[in-house]
Amino acid sequence: MAKLGVTKSCQGLGIGRKLIETAIEEAKHLKATHVVLATSRLLVTANRLYERMGFQHVDLAELGPLPYQRESIAMALALQDQD
């Protein structure tokens, strides 16, 4: 997942969660084994949502170089645990 965001006026309505659930379902449909994301440490609320949805922090080096200039953290969700 990359560049997931919800307009400030629409935050708190469950839209972010629905977007993530849809991405997870599509990944399962494509028979992916994991969903991986990179996010900024500054996005505390979003990162808590990812964690509540089962994403675990992983070493950024596992993803390789990222095209973002901000300081990033990486998270992954194993899909076999989501059935």
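Scanning segment 10-61 for residues that are small (Gly, Ala, Ser), within 11 Å of the chain's Cα centre (by Cα) and in a helix (DSSP H, G or I) gives GLY16, ALA23, ALA46. Exactly one residue out of GLY64, GLY12, GLY54 is at positive phi and in contact with an Asp or Glu (Cβ under 9 Å, 6 or more places away or on another chain), and it is GLY54.
For segment 25-83, filtering for residues that are surrounded by fewer than 13 Cβ atoms within 10 Å (Cβ to Cβ) and aromatic (Phe, Trp, Tyr) leaves 1.
Every number here is computed from the coordinates shown, using simple stated rules; none is lab data. Just so we're clear, the structure is a prediction, and the values are computed from it rather than from any experiment. Counting neighbours? That spans all protein chains shown, and the Cβs are built from the backbone with ideal geometry, glycine included.
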